[in-house]
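Chemist: Before I ask anything, let me first share the structure, which is written out below as C-alpha cells.
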Amino acid sequence: MTMGTESQIEIHFRNLLRGDLDRVMQIERSCFFIPWNRATMIHKLAGRRIIAQVATLGRDDPIAYLICDVLPAEIEIKNMAVDPHYQRLGIGRAIIDRLIAKKRPRIVAAVWERNVEAQLFFRAMGFRVVEQICEYWKDGPKDEYAYLMTKDLSAA
C-alpha cells in the first residue's frame with residue numbers, strides 16, 4: 001500500500017512472527033506509559049481469534065504492529081502502536097483501513113484517559129467514545145478511566 005505523503009512510502013503488512021517480538025516490545029515501550037511486558041504480549045498473541053500483524057517498509061524490521069480479536073460482530077483492537085519515528089505518515093490510518101476491509105459491523109478500542117494522542121487519532125479515524133470505564137485494565141491505575149471508542153460500520 002502506498003501512502004500519499006510528501007515522500008511516498010510503501011507499507012507492507014504481514015503476520016507477526018516470534019522473531020519480531022524484540023522489535024515489537026521496543027515499539028511497545030516507546031509508545032505506552034504502562035507497556036505490556038513480554039509475557040503479557042505472548043499470552044495475548046496466543047488467543048484463539050487473535051490476528052497479529054506488523055507493518056514494515058519493505059524487508060525492514062517492523063515499524064508498527066496490531067493485535068486484535070476478530071469476532072463476528074466486531075473487531076476489538078487489543079493493542080496497536082506505530083514507532084514514534086514513523087508516526088504521522090499514514091501508517092495508523094493504513095492499519096485501520098485494513099480492519100475496515102474485514103467487513104465487521106464495528107471496530108472497538110479502549111484508550112487510556114491520559115493517552116490523548118490515541119484518542120485524537122481514533123477520533124480522526126471516525127471512532128467515538130461510547131463509554132467511560134474505571135479500572136478497565138486490571139494492571140492499570142485504579143483511578144484512571146478507559147474510553148471505550150467504537151467505529152460503527154454497519155451502515156457502510
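The values are calculated or read from the model by the stated rules, or taken from the named source; none is laboratory data. Computed from a predicted structure; not experimentally measured. Here the Cβ positions follow ideal geometry from the backbone for every residue, glycine too, while neighbour counts run over all protein chains shown.
Chemist: So the check is Cβ under 7 Å with 6+ separation or different chains; which pairs have a first residue in the stretch 73-90 that's closer than 23 Å to ARG104 by Cα and a second one that's of a type in the set (Asp, Glu) and crowded, with 18+ Cβ neighbours inside 10 Å?
Modeler: Listed by first residue and then by second, the contacts come to ALA81/GLU28.
Chemist: Suppose we filter ARG114, ARG93, ARG88 for residues that are in a loop (DSSP other than H, G, I, E, B), under 22 Å from GLN8 (Cβ atoms) and out of contact with any Leu (no Cβ under 9 Å at 6 or more places or on another chain); which single one remains?
Modeler: Of the residues listed, the single one that is in a loop (DSSP other than H, G, I, E, B), under 22 Å from GLN8 (Cβ atoms) and out of contact with any Leu (no Cβ under 9 Å at 6 or more places or on another chain) is ARG88.
Chemist: Hey, could you check the stretch 56-87 for residues that are small (Gly, Ala, Ser) and over 19 Å from PHE122 (Cα atoms) and say which is nearest to the chain's Cα centre (by Cα)?
Modeler: Result: ALA73.
Chemist: Could you list, in sequence order, the residues of the stretch 63-80 that are out of contact with any Gly (no Cβ under 9 Å at 6 or more places or on another chain) and buried (at least 16 other Cβ atoms within 10 Å of the Cβ)?
Modeler: Of everything in the stretch 63-80, those that are out of contact with any Gly (no Cβ under 9 Å at 6 or more places or on another chain) and buried (at least 16 other Cβ atoms within 10 Å of the Cβ) turn out to be ILE63, TYR65, LEU66, CYS68, GLU74, ILE75, GLU76, ILE77, ASN79.
Chemist: Can you tell me how many residues in the stretch 23-49 are outside any helix (DSSP H, G or I), surrounded by 15 or more Cβ atoms within 10 Å (Cβ to Cβ) and without any contact (Cβ under 8 Å) to a residue 24 or more places away in the chain?
Modeler: Adding up the residues that qualify gives 1.
Chemist: Now, a different point. Just to be sure before I move on: is ALA52 out of contact with any Gly (no Cβ under 9 Å at 6 or more places or on another chain) and either buried (at least 18 other Cβ atoms within 10 Å of the Cβ) or hydrophobic (A, V, I, L, M, F, W, C) (or both) in the structure I sent?
Modeler: yes
Chemist: Which one is nearest to THR40 (Cα to Cα) among residues in the stretch 116-136 that are under 16 Å from the mean Cα position of the chain (by Cα) and either surrounded by 17 or more Cβ atoms within 10 Å (Cβ to Cβ) or at pLDDT below 90 (or both)?
Modeler: ALA118
Chemist: Consider ASP60 carefully, then state whether it is modelled with pLDDT of 95 or more, surrounded by fewer than 19 Cβ atoms within 10 Å (Cβ to Cβ) and either among the aliphatic types (A, V, I, L, M) or more than 21 Å from ASP97 (Cα to Cα) (or both).
Modeler: no
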